[in-house]
Structures are given as C-alpha cells and as structure tokens.
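Take a look at the structure set out below.
The values are calculated or read from the model by the stated rules, or taken from the named source; none is laboratory data. All values reported here derive from a predicted model rather than from experimental measurement. Don't worry about glycine lacking a Cβ; one is built from the backbone with ideal geometry, like all the others, and counts go over all protein chains shown.
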Amino acid sequence: MASISPDIRNATRLVIKIGSALLVDRDKGLCRAWLEALAMDVAEAKARGTDVILVSSGSIALGRGVLHLGYGSLPLEQSQAAAAVGQIELARAYSEVLAAHDITAAQVLVTLEDSKDRRRYLNSRATLETLLGLGVVPIVNENDTIANDEIRFGDNDRLAAQVAVTVAADQLILLSDVDGFYSANPKEDPTAKRFDIVETITPAIEAMAGDPISGLSKGGMKTKLLAAKTAVAAGCAMAIMEGSAERPLKSLIDGAPCTWFVAQDDPQTARKGWINAMKPRGQIIVDIGAVAALAAGRSLLPAGVLSIAGAFGRGDPVEICAPDGEVLGRGLTRYTSTEARAIAGHRSGEIEEILGYAGRAALVHRDDMVI
C-alpha cells in the first residue's frame, strides 16, 4: 500500500530550511518581500499550535554583497568576514519580519560538531526546547565565522536534519531551488521524472542524485539525500520543494509539487530505540519512590538516587536500576558520575550549593530515557 504524503498542518514540530538562493539576490541583496511572506506562513503554523524552527543559510551570501566581495570563490578569511557581517543583517531581518506577527526570534549559531559531542548535544537540545517552550522561533545557522570545515564542506541541509533530530521534530521542509527529487538533473535531462514520495532511500535512489544547481547554495541533491536519511531514521518526514513562490508553506498546503521522504516511526519511538541501543557507561541505582515516579513517566531527580556505579561523562548513556539491581531502563545523564555522586539523595534546589553552579533539576530527563 502506497504511503500518504504528510500534511504540514498536522505537524507538532516543524523545521524549515531556507537556502541562500531564496534569501539573497545577487544584484538586490536580501529578498525582503519574500521573507515577509514566509513570516506569514510561520505565524499561521504557530497559530495552529506547531513549534517552528528556521534553519537559514544566507549569511555569507548576504555579507559578501554588503562588503562588495563579488560572487567568485573567496579565501577562507574573507568567507568568515562575510559571514560575520551577513549574520547581523540576517538576524535583524528575521527579527523584524517575525515581530510584525508578535513572534520573538532567537539566533542560535551551531556547527555539525555540536550534534556529535553528547555534552554539547544536550546543551543545544535544552536551549532549543526552552526557546520553543517560551513560544520563540529559533533561527539556526552554522557558526561560519569560526568554523573552518563547515565553510569549506558543510551545508545547511544536513544541519537542518540534525536540528530536526535534536528537537524530535516530526517534519522537515527543505525550501530549495528545485521542486523535488528527480530521477536525473532536470536541467540536463528533459526526461527526468520527479518522485512524489520516497519510501526507502535505496542505492538506486542515491545514484540519481546530482550536483548543486545554484551558484549561491552549496547543498546539492546528494546532501539533501543525506539529510533525508538522517531525518527519517529519527522518525521525521522530510520534503524537498521549490521555495521561491510567495508563502511557500501555503503553496505546499495548496498542493505545490514536492518530494516527501516518509518516516516509518514517530520521533519519540525512533529516539528511544537509539538510546536503548547505546552501550551504558555506568549505573544509577534509585530508591522505591523513584521507581514509582519513573513508571509514571517522570524524570529522574537526584533526590531519588541511592548510589552511582561506574565512570561516565555528561550526556553518556547509563542504566537505571532498582534497589535490588533490576534494570529499569536506560537514559542519557545530565551530570558526570562525579557530580552525580555528589548530588545523589539531595533535592534539586541544593544542587547549586553542592556543585557551585546552578545545574539542571533532573539527573536524567524523561525525554532522554527509555523505561
């Protein structure tokens, strides 16, 4: 039975990636009218109760225009300088267009490395979750002003997928300069056919991917397929669509052509499977009260901890055990084993006095746990 295309009106958490070619015109600079129209789409999505995160390219493309650097290849130092200038302009523009709808924007600069290091991953996740809980729309971009490899080899397609995984988004939309995934490059092969739905990314599908078409963007179809692999494995459906039309999300709802890569699981199921598959670095033994709290779906607080076994760092996987040693589940700890031993049995309000800094209330948060 064929899969049914997802509907963004049903999204709980939506990540939207915006390519440079959509945001920046070589001759005119920032495409302000298009951005204002996108803000209307974002406002409507939030009015439906959907959390929205924007992953935006464009800082280098915008900055090089401001600095009159032209559009040829730039030395690394000039790329970083362009990013530093362009990021300010980009953040200001997003803040202004969203403020017109009473929406607060936040700038979050990250690199792909932030998703590979578990400690930094947890920090990013906690920050983004807090912003979303406050009704803010985070504007995420690579920190191109200091990251070397990201400027030379990185792309925001895969970054958008990593962000989607980090926040457990159920849908990711790549607004691009093509209207979907084709059997070949449609600009070179007039017989190329667009896929409406891709249920499985097979070697044959991967062989169809081409190179970047736009002179401004870095992300070709290969990087979009890598993004799709990351997203669907985490339970997040992903769409590729042409985004230059005014109000692209409304266009998608109205039936604009696109390609959906469908996910087999929901984000929560996929995430729990990932956590459960990790090799634990230690154990947290909890009391009877904590056993009951965990069974009720609550986070593990330091007050319910009896003892700590093993040596682990922040973000490492650990087993959670009952007083008799029975393994109750696994989770990602928000403290090192040394810190966990120090705060075990204490209330969350005592953490700052014990550790010397205000830590997080939960030792293992329920979103990072499989019971």
Ile253: passes all of (1) surrounded by fewer than 17 Cβ atoms within 10 Å (Cβ to Cβ); (2) touching a strand residue (DSSP E or B) at 6+ places or on another chain (Cβ under 8 Å) but (2)
Would you mind listing the helices (runs of 4 or more DSSP H) fully within the stretch 1-98 where at least 2 residues are in the same structural domain as Thr166 (by TED's automatic domain parsing) and modelled with pLDDT of 95 or more?
32-47
Residues being in contact with a helix residue (DSSP H, G or I) (Cβ under 9 Å, 6 or more places away or on another chain) and either more than 19 Å from Trp274 (Cα to Cα) or not in a loop (DSSP other than H, G, I, E, B) (or both) - total across the stretch 289-325:
23
Quick check, is Val110 closer than 30 Å to Leu67 by Cβ, assigned by TED's automatic domain parsing to the domain that holds Arg247 and modelled with pLDDT under 95?
yes
Of the listed residues (Ile8, Ile103), the one being hydrophobic (A, V, I, L, M, F, W, C), within 18 Å of Gly243 (Cα to Cα) and in contact (Cβ under 8 Å) with a residue 12 or more places away in the chain is Ile8
Ala61 fails exactly one of (1) within 21 Å of the chain's Cα centre (by Cα); (2) surrounded by 16 or more Cβ atoms within 10 Å (Cβ to Cβ), namely (1)
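Can you go through Ile240, Ile253 and tell me which one is touching a Ser or Thr at 6+ places or on another chain (Cβ under 9 Å), among the β-branched types (Val, Ile, Thr) and at pLDDT 95 or above?
Among Ile240, Ile253, only Ile240 is touching a Ser or Thr at 6+ places or on another chain (Cβ under 9 Å), among the β-branched types (Val, Ile, Thr) and at pLDDT 95 or above.
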Ala204: modelled with pLDDT under 90, hydrophobic (A, V, I, L, M, F, W, C) and under 27 Å from Trp274 (Cα atoms), yes or no?
yes
Within the stretch 328-339, tally of residues that are more than 22 Å from Ala126 (Cβ to Cβ) and either without any contact (Cβ under 8 Å) to a residue 12 or more places away in the chain or in a loop (DSSP other than H, G, I, E, B) (or both):
0
